[in-house]
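Some notes on the structure that comes next.
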Amino acid sequence: MGLTLSWLSVIILIPLAGLFLKSLELSPEQFWTILSGRRTLNALRVSFGLAFAAACVNLVMGSIIVWALVRYRFPGRRLFDAIVDVPFALPTAVAGVALTALFAEKGWLGAPLAALGIKVAFTPAGIFVAMIFIGIPFVVRTVQPVLQDLDPEIEEAAGSLGASRWQTVIRVILPSLAPALLTGFALAFARAVGEYGSVIFIAGNLPNVSEIAPLLIVIRLSEFRYADATAIAMVMLVVSFVIIFAVNRLQRWAQSRIPAR
Amino acid sequence: MRRIVPLAAGLIATGFLASAALAADINLLNVSYDPTRELYAEFNKAFANAYQKETGKSVEIKQSHGGSGSQARSVIDGLQADVATLALAYDIDAIANKGLTATDWQKRLPQNASPYTSTIVFLVRKGNPKAIKDWDDLIKPGVAVITPNPKTSGGARWNYLAAWGFAQKKYGSADKAKDFIGKLYQQVPVLDTGARGATVTFVERGVGDVLLAWENEAFLALKEFGREKFEIVAPPESILAEPPVAIVDKVADKKGTRNAADAYLQYWYTKEGQEIAAHNFYRPRDSEIAKKHENAFAKVQLFTIDDVFGGWTKAQKEHFADGGTFDQIYKN
């Protein structure tokens with residue numbers, strides 16, 4: 001316990017407190033002026049909005065992948081299972097460069113998309129793609145063990161009691177998976193909000209359009225405006241914390257409902 | 001945290017230094033900007049040889065490359081650089097303002113402490129399909145311009161000021177120059193964080209019709225990717241880019257490397273140093289070497305930042321500081 005707390009303090013709490021203290025150097029008015037600037041608001045909107053959208057996609061697509069991996073036996077299943085971890089292991093900058101090459105107008109995917117009039121690289125769509133890429137393992141890896149533990153016999157029982165397939169999914173499977181799905185969603189979201197390396201290459205980085213909040217922090221630092229950078233970082237920290245906390249509560253609530261049924 | 005990190009970093013660094021010390025008598029760290037990788041790879045080797053011949057001491061130079069502004073910040077935040085060779089004087093001024101080097105650093109070496117110069121040119125696709133010849137061709141409809149973000153890239157500031165200088169002269173006022181710059185940046189689909197990143201976007205990703213680039217970076221792109229794909233267009237008029245070099249006094253004195261660091265920078269002003277600058281596509285300062293290589297570089301009318309903008313500090317404040325003209329383009 002003592003070791004846990006001290007280690008947690010050194011690694012996480014003290015740096016966070018440092019950030020917090022740095023932001024206290026700002027008066028509330030200054031804080032507000034920085035955050036209500038159009039550029040800051042747009043950067044926060046791009047980061048949080050696209051991270052949320054990407055986490056939603058990952059929630060759906062991740063669930064489908066998990067379902068296929070757990071419930072079906074097909075050739076290459078183990079390989080696919082291993083591939084899911086690639087975005088974890090890959091240096092984010094490498095992922096960014098690879099995705100940019102793929103989706104640029106001359107790239108393998110970018111060229112056919114460009115023919116259809118869709119531009120991905122150097123637009124917000126590119127940020128979205130990168131955030132989906134780095135987020136997917138979080139959903140898969142949190143939901144997978146739970147689904148594995150879920151006995152197919154429960155579904156069969158539901159079926160034999162007259163539930164349609166749809167009813168079984170909604171009333172039996174989803175409630176048991178809900179806590180894991182929420183956790184996976186929250187992790188994918190949090191990761192996408194803070195993502196820098198993979199996004200920066202594909203984003204285009206135009207102020208107010210495709211500029212992510214972490215880049216704006218870097219820009220403020222390079223202007224020697226540490227206070228601005230800290231203020232933006234604080235907002236990201238607080239919002240992420242609130243979301244993770246809310247998801248945590250939801251998760252407990254979902255868990256508390258299961259034994260009651 | 002504050003205490004623990006430097007301690008850990010110190011321990012690791014001491015380990016490295018101890019092992020490196022076995023290899024060389026003197027170790028120098030040169031903190032530089034992105035497009036000088038190839039230049040310093042060659043220069044360091046030549047200097048180490050010359051220094052050993054003259055003093056009998058071996059010297060090893062380590063390089064650090066990155067965006068000019070962020071490199072300056074690393075030095076300010078404690079990176080132990082003996083010399084800083086950055087993209088613009090403002091970045092070394094920032095180091096000097098923190099007391100790490102003398103504020104008159106630019107007077108300590110000849111020619112504004114810029115031993116080699118460059119300018120800003122256009123790199124276009126083969127055959128120049130959009131017929132770009134001069135700065136005002138850049139704002140023609142349908143021309144996509146690639147240039148990095150002046151907030152994070154020193155090279156991008158030279159690009160910006162070159163365009164501004166042209167427009168101010170041609171259209172006669174700062175207001176009209178601002179209009180021109182506004183239109184120009186509306187044609188920019190990607191703002192990379194550094195000069196090298198912008199080159200990659202243009203050359204490898206195939207984005208844009210024209211890359212605003214350091215002349216040396218444009219030549220390097222031709223050399224790497226072939227003259228059959230790209231060509232350089234030199235505008236009739238552009239800016240004289242003077243990337244400066246300086247000793248970081250505090251670090252050099254602490255490490256006892258001042259003599260070597262001084263010799264290192266002075267070596268730029270020798271015939272050998274100037275020759276290395278020239279065949280890495282930097283314009284040499286030495287008139288004799290410049291004469292020898294004059295056909296390699298386009299004849300461009302060059303204006304200086306002092307003439308047009310009244311020096312870096314003023315230019316920085318008006319154009320790139322918070323709320324400056326660049327921010328106004330994107331309405332901060």
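The values are calculated or read from the model by the stated rules, or taken from the named source; none is laboratory data. Worth saying up front: this structure is predicted, and the values here are computed from it rather than measured. Every residue, glycine as well, gets a Cβ built from its backbone with ideal geometry; the counts of neighbours run over all protein chains shown. What goes into the accessible areas is simple: the full protein's heavy atoms, side chains included, and nothing from ligands, DNA or RNA. Shrake-Rupley method; radii C 1.70, N 1.55, O 1.52, S 1.80 Å.
Could you please let me know if B:Ile120 is open to solvent by less than 40 Å² (accessible area, probe 1.4 Å) and either basic (Lys, Arg) or assigned to a loop (DSSP other than H, G, I, E, B) (or both)? Against the criterion (open to solvent by less than 40 Å² (accessible area, probe 1.4 Å) and either basic (Lys, Arg) or assigned to a loop (DSSP other than H, G, I, E, B) (or both)), B:Ile120 does not qualify.
Cβ-Cβ distances below 7 Å connect the following pairs, each with a first residue in segment B:222-233 that is farther than 17 Å from B:Leu212 by Cα, a second residue that is loosely packed, with under 15 Cβ neighbours inside 10 Å, and a separation of six or more residues or different chains: B:Glu228/B:Lys126. Taking each residue of segment B:185-210 that is within 8 Å of another protein chain (Cβ to nearest Cβ) and looking for partners that are of a type in the set (Phe, Trp, Tyr) with beta-carbon atoms closer than 6 Å, six or more apart or interchain, yields B:Pro189/A:Phe122; B:Val190/A:Phe122.
For segment A:1-59, the set of residues classified as within 14 Å of A:Ala229 (Cβ to Cβ) and of a type in the set (Asp, Glu) consists of A:Glu25 only. On inspection, B:Lys170 passes the criterion of being over 15 Å from B:Ala234 (Cα atoms) and more than 14 Å from chain A (Cβ to nearest Cβ).
When we screen A:Arg73, A:Arg38 for residues that are surrounded by fewer than 17 Cβ atoms within 10 Å (Cβ to Cβ), farther than 15 Å from A:Ala203 by Cβ and within 13 Å of chain B (Cβ to nearest Cβ), the only hit is A:Arg38.
Test of understanding: among A:Leu187, A:Leu177, A:Leu181, which residue is in contact with a Ser or Thr (Cβ under 8 Å, 6 or more places away or on another chain), assigned to a helix (DSSP H, G or I), in contact (Cβ under 8 Å) with a residue 40 or more places away in the chain and open to solvent by 70 Å² or more (accessible area, probe 1.4 Å)? After applying the criteria, what remains is A:Leu187. Contact map, segment A:150-169: residues that are part of a loop (DSSP other than H, G, I, E, B) paired with residues that are surrounded by 10 or more Cβ atoms within 10 Å (Cβ to Cβ), Cβ distance under 8 Å, separation 6+ or inter-chain. Pairs shown: A:Leu150/A:Ile173; A:Leu150/A:Ser176; A:Leu150/A:Leu177; A:Ala163/A:Arg171; A:Ala163/A:Val172. For segment B:38-81, residues that are in a helix (DSSP H, G or I), in contact with a Lys or Arg (Cβ under 8 Å, 6 or more places away or on another chain) and away from chain A (no Cβ under 14 Å) total 1.
This table checks each residue for (1) modelled with pLDDT under 90; (2) within 24 Å of B:Gly197 (Cβ to Cβ); (3) loosely packed, with under 12 Cβ neighbours inside 10 Å; (4) of a type in the set (Val, Ile, Thr).
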site	(1), (2), (3), (4)
A:Ser6	yes, no, yes, no
A:Ser9	yes, no, no, no
A:Ala53	no, no, no, no
A:Asn58	no, no, no, no
A:Asp81	no, no, no, no
A:Thr92	no, yes, no, yes
A:Ala101	no, yes, no, no
A:Pro112	no, no, yes, no
